[in-house]
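The values are calculated or read from the model by the stated rules, or taken from the named source; none is laboratory data. Keep in mind that what you see is a predicted model, and the values were worked out from it rather than measured. Virtual Cβ from ideal backbone geometry, glycine too; neighbours counted across all protein chains shown.
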Amino acid sequence: MASVLAPDPTGPVSDRRDQAVRAAVQQELLTETEPVAALLDIAGIRASAAALTAAFAEVTDAPVLHAFAVKASPLVPVLRLLHEAGLGAEVASPGELALARAAGVPPERIVLDSPAKTPAELREALALGIAVNADNPQELARLDGLTAAGATAAPLGLRVNPQVGGGAIGALSTATATSKFGVALRDEGARAWVVQAFLARPWLTRLHTHTGSQGVPLDLMAAGVRAAYELAEEINAAAGRRQIDTIDIGGGLPVNFASDEETPRFADYARLLAAEVPGLFDGRYGLVTEFGRSLLAKHGTVLARVEYAKSSGSRPIAVTHAGVQVATRTVYDQAAWPLRIVAYDPRGDRKAGPPVEQDVAGPACFAGDLLAVKRPLPLLAQGDIVAALDTGAYYFAHHYAYNSLVRPGVYGFIGRADGSVAFATVRGPQTVEEIVGEAGGGHPDALLIT
């Protein structure tokens, strides 16, 4: 595992990251009082957004809405950056919808997906003209009532589960036989019910599917999309017209966590789809995508100071301030979510020295709070800095409040022509006063009732 996770020593991405780490130390984003900081590579995010757009433009002239999955990075400045790069937003809660709107994403570029939408959520989406993908027959019945109560300009669709199988991470596989999402197409009578549901509702014009969010091979993703396309063709033939005009193919492009190389590429997936489902790209259908992790993961880095360096059982342990609160999935499932770690000295320069197997620990009070185990790195010492790479999605934006540890500050960075690095605050560091307030600090006597 250690050799697989060895960080790339050189290259444009690595060079930008090294410059940003040095600058973060020099500009005091990482200090004794703020021992954790999260960095976002603005140039990298823009490049990924451009690569996604170009990948689908290469294979189709049909309209494509690339709706960023807000769950991957629910930070308003990130959503704004992606909006300015031409992307929309896929939301799955009232909170995510509010974030997208705060970022300036217009309703016509927002898609609402969730398996548990309330009547209030549906009414809001219909009133705003936001696209909605119903998850199940009961939700579709709710939409029947809401659309009968008044006309809506919102595009409405139905999510289907093609039941094509799972990937390497069961919890993130959404096209299994028993997935909680969508209408299971291979269940007895389900496919015929879906066709009739569309024929009975002329306003139902979209199909949505999603195979998984990480660990799903491209051929399985393509099989799920092909199943949705074939169903759309069947429905349109039965209707005698092009009732379904848009197919939402979800996201789920896997991320390579082993190096700085961005593989597979959006272009690889788009070309595979064009080969496997050519009718999807002949101009008869509009498309929606919902990529998240693959747009952001490679462009985030968590920096943490080494507070203490010790050993146990003759194994060195670097105790840092980054653990389960920023890397929850890695701490609880190292095998599925390994992170590359890079060692820097207190000045923010790459640390030299022979590799020594050591643990990189977090600050939380349980034994398993480890970012890496037996990882070969230059021997870390007190005051050094560790960088956890590929953390731009689902890591520091999803704080886990174990031990009431504060949320770190998040900073976007970009290199200047003169070699300097400019930072912008995406989210300021949380204060302990804010923690107290969120923990009921304004109501200390609330339970002293008789």
Reported set for the range 4-15 where residues are more than 22 Å from the chain's Cα centre (by Cα) and either at pLDDT 95 or above or hydrophobic (A, V, I, L, M, F, W, C) (or both) is VAL4, ALA6
Those residues of the range 284-303 which are among the polar types (S, T, N, Q) and assigned to a strand (DSSP E or B) amount to THR289, THR301
Those residues of the range 415-450 that are surrounded by 12 or more Cβ atoms within 10 Å (Cβ to Cβ), β-branched (Val, Ile, Thr), touching a residue at least 12 places away in the same chain (Cβ under 8 Å) and more than 18 Å from LEU75 (Cα to Cα) come to a total of 2
Condition set in contact with a Leu (Cβ under 6 Å, 6 or more places away or on another chain) and not aliphatic (A, V, I, L, M), scope the range 212-221, selection nearest to VAL195 (Cα to Cα): answer is GLY212
Of those in the range 369-406 that are surrounded by fewer than 21 Cβ atoms within 10 Å (Cβ to Cβ) and without any contact (Cβ under 8 Å) to a residue 40 or more places away in the chain, the residue farthest from VAL76 (Cα to Cα) is PRO378
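Look through the range 381-405, keep the residues that are among the β-branched types (Val, Ile, Thr) and in a strand (DSSP E or B), and return whichever of them is farthest from ALA327 (Cα to Cα).
The residue in question is ILE385.
Yes/no matrix, rows are residues, columns are (1) outside any strand (DSSP E or B); (2) touching a strand residue (DSSP E or B) at 6+ places or on another chain (Cβ under 9 Å); (3) aliphatic (A, V, I, L, M); (4) not assigned by TED's automatic domain parsing to the domain that holds ARG206:
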| site | (1), (2), (3), (4) |
| --- | --- |
| ALA62 | yes, yes, yes, yes |
| LEU65 | no, yes, yes, yes |
| LEU79 | yes, yes, yes, yes |
| HIS83 | yes, yes, no, yes |
| ALA89 | no, yes, yes, yes |
| GLY95 | yes, no, no, yes |
| ALA100 | yes, yes, yes, yes |
| GLY104 | yes, no, no, yes |
By residue number, the members of the range 200-228 that are under 16 Å from ASN136 (Cα atoms) and either without any contact (Cβ under 8 Å) to a residue 12 or more places away in the chain or not in a loop (DSSP other than H, G, I, E, B) (or both) are ALA200, LEU204, THR205, ARG206, LEU207, HIS208, ALA228
